[in-house]
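The structure under discussion appears below in the form of structure tokens.
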Amino acid sequence: MKRIIASVAAAALATSAAAHDNAQSVAQDLRLSPQDAAASRAAAEGYYLLDDALAAGYEQLFDCTDAGADGAMGQHYINMAYATDGKLDVSQPDVLMYEPQADGSMHLVALEYVVFQAQWTGDGAPTFLGHEMQLKHKVGTHDVDPFYELHVWHWRDNPSGMVADYNPAVSCAGS
């Protein structure tokens, strides 16, 4: 009997360790290299204040995007010139995401790089900043022309990963 219990315990520990290792490998996959992170963050630092983003041509896109228990993306502000140029340029974030605050202000939490599927000439999904971009057909509940995207959460730690879609630490409650 002791041998059976020991075998079951060993199997449970091995399964737990494998799950932990897999979770760590997934988390590792959702990070950026230090060089890519620095370049991306530097590109959006000038837009920390929403007024600066608006002055640079960013405009509000839809409503604040919230996915309930999965978290939120926040309020999107898009620069149409960047988003529709068909290029991926770390120095030109296509979309900035702000979290609405209770006092009505906006806090920059992330940025997003996009390229529309119709403009993408490569085979398969593009890879940018070391990550395969995700094909999307919606922004929240809004249907849009298909596009590839990559989020980068610089200003709000994301337990789901630095390039995950939603951040459980972000909320639209302030909007």
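What follows is calculated from the coordinates using simple rules that are stated; it is not laboratory data. Everything numeric in this text was worked out from a predicted model, so none of it was measured. Neighbour counts run over all protein chains shown; Cβ positions are idealised from the backbone, glycine included.
Given Cβ point charges of +1 (Lys, Arg) and -1 (Asp, Glu) and nothing else, what value in debye, to the nearest 20, does the dipole of the range 30-125 about its Cα centre take?
The dipole of the range 30-125 has a size of about 260 debye.
What residues have an amide H closer than 5 Å to that of V144, excluding those fewer than 5 places away on the same chain, when H is modeled at 1.01 Å from N in the peptide plane?
K138, V139
Measure off 7 Å from each Cα along the Cα-to-Cβ vector at E45 and A118, then give the distance between these two points in nanometres to one decimal.
3.7
Dividing the alpha-carbon radius of gyration of the range 22-157 by 2.2 N^0.38 Å (N being the number of residues), what value is obtained?
1.02
Show the residues, 5+ positions off or on another chain, whose built amide H is closer than 5 Å to the amide H of V170.
A72
Arrange the peptides 107-114, 152-159, 131-138 so that the one whose residues have, on average, the most other Cβ atoms within 10 Å appears first.
With the highest mean Cβ count within 10 Å placed first, the list reads 107-114, 152-159, 131-138.
Express in nm, to one decimal, how much length is gained between A55 and A69 on full extension, taking 0.36 nm for each residue of separation and deducting their alpha carbon distance.
That pair, A55 and A69, stretches by 1.7 nm at full extension.
What is the distance, in nm, between label points placed 7 Å from the Cα along the Cα-to-Cβ direction at Q134 and at A169?
1.8
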